[in-house]
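Everything below concerns the one structure shown next.
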Amino acid sequence: WSESWRGHGGLVALAGEPGIGKTRLAARLAAEVHAEDGLVLYGRADEEGVSPYQPFVEALRHYAACRPGLADEQRLETAIQLLAGLVPELGRPPAAAVGRVGDRPHDRQRLFEAVLQLFVYAAGERRLLVIVEDLHWADAPTIRLMRELARRTAGSPVLVLATYRDVEADASGPLARALADLRRDGLLARIGLAGLDTPEAVALV
């Protein structure tokens with residue numbers, strides 16, 4: 001988070017078994033960021049996978065709620081129209097000229113650009129922390145969007161903090177491949193949470 005203040009954002013992956021404290025740690029960071037007048041946007045993947053891009057849709061809904069008049073920003077007009085089908089709270093119906101965003105590579109890229117534009121715009125007003133919880137349940141499109149955000153927000157004041165259960169992540173699945181790609185490119189900081197060892201347990205007692 002301190003590095004992101006200087007324009008060196010990126011992705012931090014917080015990994016560990018269920019109940020180890022990932023959510024608690026993310027919440028503590030969110031509280032400190034909020035106290036410093038930073039903007040915290042939150043979303044989580046659901047085990048049932050109820051909607052595409054769910055964590056980012058939730059985060060953008062939060063932003064729309066705390067940023068009245070966003071739909072009137074002319075520089076965001078195309079981005080908001082592209083995202084209005086997923087996030088009606090942005091306050092503008094999708095324009096017919098923009099068309100429906102499908103799942104073709106070109107359509108996905110337009111959607112990713114729109115999400116990126118909104119996050120970078122938000123970070124221009126206040127330093128931005130985006131928390132994505134339970135990434136191990138995310139669908140492939142959500143993981144692709146997260147990977148694109150990590151690549152495109154490095155060097156900007158945007159920090160994405162993602163939590164996931166490493167014991168539930170498929171070693172050959174899209175999440176593992178995306179994290180491996182980002183780690184290889186130097187765009188991922190991974191923090192693994194583990195239980196206490198014997199000296200630590202003794203110290204706690």
Single match in Val130, Val158, Val120 (criterion: under 21 Å from Thr78 (Cβ atoms) and open to solvent by less than 60 Å² (accessible area, probe 1.4 Å)): Val158
Filter pass, Glu17 being assigned to a loop (DSSP other than H, G, I, E, B), open to solvent by 40 Å² or more (accessible area, probe 1.4 Å) and modelled with pLDDT of 90 or more: yes
Options Ala123, Ala95, Ala64, Ala79: the member that is modelled with pLDDT under 90 and not in a helix (DSSP H, G or I): Ala95
Among the residues listed as Ala178, Ala201, the single one being in a helix (DSSP H, G or I), modelled with pLDDT of 90 or more and either aromatic (Phe, Trp, Tyr) or surrounded by fewer than 20 Cβ atoms within 10 Å (Cβ to Cβ) (or both): Ala201
Matching option when the condition is aliphatic (A, V, I, L, M) and in contact with a Leu (Cβ under 6 Å, 6 or more places away or on another chain), among Ala114, Ala171, Ala178, Ala138: Ala114
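For (1) within 13 Å of the chain's Cα centre (by Cα); (2) free of Cβ contacts under 8 Å to residues at least 40 places away in the same chain, each residue gets a yes or a no:
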residue	(1), (2)
Asp107	no, yes
Glu133	yes, no
Ala138	yes, no
Thr153	yes, no
Gly173	no, yes
Leu187	no, no
Qualifying positions in the range 23-50 - in contact with a helix residue (DSSP H, G or I) (Cβ under 7 Å, 6 or more places away or on another chain), surrounded by 13 or more Cβ atoms within 10 Å (Cβ to Cβ) and either over 25 Å from Arg6 (Cα atoms) or of a type in the set (Asp, Glu) (or both): Arg44, Ala45, Asp46
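The values are calculated or read from the model by the stated rules, or taken from the named source; none is laboratory data. Since this is a predicted model, take the numbers as computed values, not measurements. For neighbour counting, all protein chains shown are included, and Cβ atoms are generated from backbone atoms with ideal geometry for every residue, glycine included. Remember, those area values only see protein heavy atoms, side chains included, never the ligands or the DNA or RNA. Shrake-Rupley method; radii C 1.70, N 1.55, O 1.52, S 1.80 Å.
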